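Novice: Sharing a structure below in structure tokens format, with a few things to ask.
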Amino acid sequence: MDASPSKRTPSSDAPSLVAEASSKPLFAASLADERKQELRQAISALQAELSTQLSARDALLNDSGMTVEQARKLNDQNIDRLHRYNDIKDAAQTL
């Protein structure tokens, strides 16, 4: 049987697929570049916020006369005390 004119052959589909494929990456690349720029701006904003928070923390520590290491040690001690308290409370509740 001969191929009827209504049927498409693979060779007739090829040019349209190539045109579609070549246009998609350009659009996708544009979106990717826009997204990268948005992420860079978000990172810059977060870095500025972190810097502000670190400055505020350092000012509080200087006002209290503590170093960062001393504050961390004190925090760790308080957490250990809370764990001990919870263990004692749990033991008392089982009695």
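Novice: Taking the conditions exactly as written (open to solvent by 100 Å² or more (accessible area, probe 1.4 Å) and either part of a loop (DSSP other than H, G, I, E, B) or not polar (S, T, N, Q) (or both)), does Leu54 satisfy them or not?
Specialist: Taking the combined requirement at face value, the residue does not satisfy it.
Novice: Follow-up. Identify all residues within region 65-74 that are in a helix (DSSP H, G or I) and surrounded by 10 or more Cβ atoms within 10 Å (Cβ to Cβ); write none if there are none.
Specialist: Listed by number, the residues that qualify are Val68, Gln70, Ala71, Arg72, Lys73, Leu74.
Novice: For Thr94, are the conditions met, namely being among the β-branched types (Val, Ile, Thr) and open to solvent by 80 Å² or more (accessible area, probe 1.4 Å)?
Specialist: In short, yes.
The values are calculated or read from the model by the stated rules, or taken from the named source; none is laboratory data. The structure presented is a predicted model; accordingly, all values stated were derived computationally and were not measured. No Cβ is skipped: glycine too gets one built from the backbone with ideal geometry, and neighbour counts run over all protein chains shown. Accessible surface areas use protein heavy atoms only, side chains included; no ligands, DNA or RNA. Shrake-Rupley method; radii C 1.70, N 1.55, O 1.52, S 1.80 Å.
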